1. Sort out for me the strands (runs of 3 or more DSSP E) sitting completely within the range 36-95 that have 3 or more residues that are small (Gly, Ala, Ser) and either within 28 Å of residue 310 (Cβ to Cβ) or under 22 Å from the mean Cα position of the chain (by Cα) (or both).
2. Could you please give the count of residues in the range 264-288 that are within 19 Å of residue 344 (Cα to Cα) and under 17 Å from the mean Cα position of the chain (by Cα)?
3. Do the conditions hold for residue 80, that is, is it among the polar types (S, T, N, Q) and closer than 16 Å to residue 348 by Cβ?
4. Any residue that is farther than 20 Å from residue 156 by Cα and in contact with a Gly (Cβ under 8 Å, 6 or more places away or on another chain) - is there at least one of those in the range 101-120?
5. When residues of the range 309-323 are filtered for being farther than 19 Å from residue 252 by Cα and either at pLDDT 95 or above or among the β-branched types (Val, Ile, Thr) (or both), how many remain?
Amino acid sequence: MATDGLHENETLASLKSEAESLKGKLEEERAKLHDVELHQVAERVEALGQFVMKTRRTLKGHGNKVLCMDWCKDKRRIVSSSQDGKVIVWDSFTTNKEHAVTMPCTWVMACAYAPSGCAIACGGLDNKCSVYPLTFDKNENMAAKKKSVAMHTNYLSACSFTNSDMQILTASGDGTCALWDVESGQLLQSFHGHGADVLCLDLAPSETGNTFVSGGCDKKAMVWDMRSGQCVQAFETHESDINSVRYYPSGDAFASGSDDATCRLYDLRADREVAIYSKESIIFGASSVDFSLSGRLLFAGYNDYTINVWDVLKGSRVSILFGHENRVSTLRVSPDGTAFCSGSWDHTLRAQPQALLLEVALPGLEPSDRLGPSAPVNLRGCARPTCKTTCSGIKMGPVSQNLPKPAFPSTLFK
């Protein structure tokens, strides 16, 4: 029995009560350091103006709800998974399907591109994470080269390669996360701490990549050390399931989206929530979140078919994007920050370039740093492989090469 060995008059209930008391005291001490809100510190920062983004490419091919998607490091290819049991690799410029895999189950809830771009991972209701190598031969039978890497006791909800193709992180409905060796399929580390289904995870954007964050149905967001398997920080301020978590580009903070219709920002150094992104008119849950490359904007997909764009510092909404005909289930910004793609229950994915958005989000850059008639043409500006201009007729330069390194304000919460 769990109570064996306890002292006289000491029961499990009393220990739980003591733990809650200590938790309350910790919250009180943390609250003493909460002397200012993020939007108050950012009052002197120039506000972002309203802007409009338009869908440039619609990817059609899935026969049911799109549940997950991920960008390749080449900033051009996309992998998506769907309730129809298919995983498709797309060319986002031409909208062509380069590869398609039929899984042994429906509800393929997770997919990820390997850092090298030479493999994809996916899984869902089969409780497995399977890795498929990609080749130039589009007619090759990919299923024959499938490798089952991870095995959980419940559905696979999320997966992500680490900084190499040799290890992969998975999250599952069995309440755990796990780190696996891709080659041998061996379990390297397991992460226990969530009290319910784990729905999402995100790897810290650093060269070492030794931490990751996860969120789940227990309303908790937990930061884990991949080396020890221990939870190093936990945040429990949401009022419902956490559907998505995403690190700030510098790795010093992360955002979460929840069924409580809010997105929240947590500063890891201050060890607390620093901003809430919500409006009274938003009553539907947030299913997916991601940051712009600069970290100034937060994109959030909602169950009311819209994508809201938030000013991270000011806490205000700067744009609403329409187009999907059902709930937005997944959203990811491209690795170079020049576009983002969203997937929906309307069976489609929509790719939207962010060339104009970069102009708004990074007012500190000189125009020559972003645009230049003599610079090499950047086809990502228009997503049309034969087009050498953006829709405004300006040639695009290599915008990602001159971007300042994003940094979360380091002196706000000392």
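1. The strands (runs of 3 or more DSSP E) meeting that bar are 77-82.
2. Of the residues in the range 264-288, 4 are within 19 Å of residue 344 (Cα to Cα) and under 17 Å from the mean Cα position of the chain (by Cα).
3. It is true that residue 80 is among the polar types (S, T, N, Q) and closer than 16 Å to residue 348 by Cβ.
4. Here is the first cut: in the range 101-120, the ones farther than 20 Å from residue 156 by Cα are 115-118.
Pick out the ones that are also in contact with a Gly (Cβ under 8 Å, 6 or more places away or on another chain) and you get none.
No, because not a single residue in the range 101-120 is farther than 20 Å from residue 156 by Cα and in contact with a Gly (Cβ under 8 Å, 6 or more places away or on another chain).
5. We begin by selecting, within the range 309-323, every residue farther than 19 Å from residue 252 by Cα; these are 309, 316-323.
The next check asks that each one be either at pLDDT 95 or above or among the β-branched types (Val, Ile, Thr) (or both); those that pass are 309, 318, 320.
Summing the residues that are farther than 19 Å from residue 252 by Cα and either at pLDDT 95 or above or among the β-branched types (Val, Ile, Thr) (or both) in the range 309-323 gives 3.
This table checks each residue for (1) in contact (Cβ under 8 Å) with a residue 12 or more places away in the chain; (2) within 15 Å of residue 270 (Cβ to Cβ); (3) loosely packed, with under 12 Cβ neighbours inside 10 Å.
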site	(1), (2), (3)
25	no, no, yes
28	no, no, yes
32	no, yes, yes
37	yes, yes, no
40	no, yes, yes
49	yes, no, yes
53	yes, no, no
57	yes, no, no
63	yes, no, yes
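The values are calculated or read from the model by the stated rules, or taken from the named source; none is laboratory data. Everything numeric here is computed off the predicted structure, so don't read it as measured data. Because the Cβ atoms are built from the backbone with ideal geometry, glycine has one as well, and the counts that use them run over all protein chains shown.
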